[in-house]
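Q: My questions all concern the structure below.
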Amino acid sequence: ALSDRLTGVFDRLSGRGVLSEKDIDEAMREVRIALLEADVALPVVREFIAKAKERATGEAVIRSVRPADQVIKITYDGLVEMLGGDEVEGLNLALNPPTIIMMAGLQGSGKTTTAGKLALRLSKDRKKVLLASLDTRRPAAMEQLAMLAKQAGVESLPIVPGQSAPDIARRAMQSAKLQGYDVLILDTAGRTTLDEAMMSEAAEIARISNPSETLLVADALTGQDAVRTAKAFHERLPLTGLVLTRADGDGRGGAALSMRAVTGLPIKFLGVSEKIDGLDAFDARRVAGRILGQGDVVALVEKAAQDIDIAQAEVMARKLAKGQFDLDMMAAQLSQMKKMGGMEGVMGLLPGVQKVKKQLAEANVSDKMLDRQAAIISSMTKAERKKPDILQASRKRRIAKGAGVDVAEVNRLLKQHRQMADVMKAMTKNGGKGLAQMAKA
Ligand code: GDP
Ligand code: MG
């Protein structure tokens with residue numbers, strides 16, 4: 001597994017201060033192999049590695065963490081980010097129904113199946129859904145969609161033999177409008193290879209129907225072809241999102257990363273079985289874990305992240321032992337709090353700060369507030385951060401303006417800092433026992 005190989009790499013460099021360029025190069029070679037094994041397209045691998053390298057360069061080796069874990073965390077974070085992060089992108093519904101959703105993609109990618117799955121999902125949300133097949137080349141495809149409509153408990157447009165795809169699109173739109181449907185899903189024909197006839201027909205349908213969602217459906221096992229397919233469709237159609245089918249297959253899902261990187265479009269859903277309910281909202285963390293090729297990578301990474309935070313707490317504890325707690329340290333702590341799951345998460349680790357904890361709860365401290373507080377501190381000069389006593393009214397006004405908050409909030413932050421500094425001082429007077437404990441927690 002990747003982590004084992006990386007451990008091998010780093011065993012040879014234990015005891016150094018910073019991840020050096022050579023160390024990172026060596027680790028990134030292993031990451032590159034993992035990505036290629038997951039079938040991520042080569043240009044995307046290159047781009048990703050360059051970014052991950054940039055992130056890793058200059059990162060301090062944290063003593064309590066294996067450098068291998070650190071590189072895995074950096075890599076995993078980069079993958080999650082590149083896949084769209086934690087944001088879940090649902091379907092865009094039109095303000096004026098019917099919302100039109102167009103399915104596009106190569107033949108056999110799973111368009112018709114996904115159309116049925118979306119219909120089921122939407123009808124569970126109490127939407128009135130009409131399915132229409134524009135696949136005039138294969139009569140069986142129309143029957144297939146009608147069957148899926150039955151399974152999903154929604155209507156399908158009656159089949160009229162001999163109509164062209166654009167004509168069916170017009171008829172479907174009219175029916176949907178007249179009969180008060182909320183959503184019309186247009187299932188289009190695909191070809192086994194990219195060709196002009198398919199593209200121009202799909203473009204024509206998109207032009208006629210002006211869909212709110214034009215979804216490119218692609219097989220998660222597409223591999224190296226994913227980039228070419230995504231590019232070709234993206235150039236010709238007003239795509240709004242991607243659906244990757246067969247995520248239940250053996251592949252490691254590199255196509256997800258490739259297609260997302262090339263189009264910049266959100267991946268909205270994953271097809272996870274042949275059954276009509278086999279459609280999951282996209283989950284970047286799950287897919288990133290799979291691309292890295294380690295079932296337990298998420299747990300591993302989270303543990304590593306926690307270790308890193310604890311190691312940073314150690315550094316802070318050492319500074320505190322010298323009886324100092326300035327605003328720079330507060331800023332560091334704020335960002336750490338965010339990483340560790342906000343105020344609650346970090347306060348749970350601190351012994352003897354029940355009072356502060358209660359005050360924070362009373363002050364209704366939220367993560368948004370943490371962001372604003374960080375902004376306030378970063379609007380201060382270095383001298384101000386070291387010695388907040390020098391802050392009089394005019395400086396406070398300048399800082400508030402810089403951070404986009406009012407002066408009262410600057411004052412609140414300063415008060416909170418004083419309280420924290422007092423607590424820290426009291427703790428270090430006890431011989432720093434509390435802090436040493438906290439660092440080990
Ligand atoms: P289309 O030509 O793009 O309309 O593709 P179809 O919807 O007809 O799907 C082609 C085949 O892939 C069918 O046998 C589907 O049952 C299967 N399929 C579609 N989506 C999934 C999926 O998410 N997982 C699995 N295992 N099979 C799928
Ligand atoms: Mg089909």
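Throughout, read-outs are computed from the coordinates displayed, never taken from laboratory work. Because the structure is a prediction, the values reported are computed rather than measured. A quick note on method: Cβ atoms are made from the backbone with ideal geometry, for glycine too, and the neighbour counts reach across all protein chains shown.
Q: For segment 187-209, which residues satisfy the criterion of being within 16 Å of ligand 2 (Cβ to nearest atom) and of a type in the set (Val, Ile, Thr)?
A: THR188, THR192, THR193, ILE205, listed by residue number.
Q: Let me spell it out: the conditions are (1) closer than 28 Å to ALA256 by Cα; (2) within 16 Å of ligand 2 (Cβ to nearest atom); (3) of a type in the set (Gly, Ala, Ser); (4) outside any loop (DSSP other than H, G, I, E, B), and ALA140 meets all of them except one. Which number is the exception?
A: Unmet for ALA140, out of (1) closer than 28 Å to ALA256 by Cα; (2) within 16 Å of ligand 2 (Cβ to nearest atom); (3) of a type in the set (Gly, Ala, Ser); (4) outside any loop (DSSP other than H, G, I, E, B): (1).
Q: Okay, moving on. What residue, among those in segment 257-267 that are touching a residue at least 60 places away in the same chain (Cβ under 8 Å) and buried (at least 23 other Cβ atoms within 10 Å of the Cβ), is farthest from ARG236 (Cα to Cα)? Break it down into steps so the answer makes sense when it comes.
A: Kept after step one, since they are touching a residue at least 60 places away in the same chain (Cβ under 8 Å), are these residues of segment 257-267: 257-258, 260-262, 266-267.
Still in the running and buried (at least 23 other Cβ atoms within 10 Å of the Cβ): 257-258, 260, 267.
Working: LEU257: 21, SER258: 18, ARG260: 17, ILE267: 18 Å.
Looking at residues that are touching a residue at least 60 places away in the same chain (Cβ under 8 Å) and buried (at least 23 other Cβ atoms within 10 Å of the Cβ), I get LEU257.
Q: Follow-up question, since we're still on this one. Provide a single number: the residues in segment 210-247 that are among the acidic types (Asp, Glu) and either under 23 Å from the mean Cα position of the chain (by Cα) or within 16 Å of ligand 2 (Cβ to nearest atom) (or both).
A: First, the residues of segment 210-247 that are among the acidic types (Asp, Glu): 213, 219, 225, 235.
Filter once more, keeping what is either under 23 Å from the mean Cα position of the chain (by Cα) or within 16 Å of ligand 2 (Cβ to nearest atom) (or both): 213, 219.
Selection size over segment 210-247: 2.
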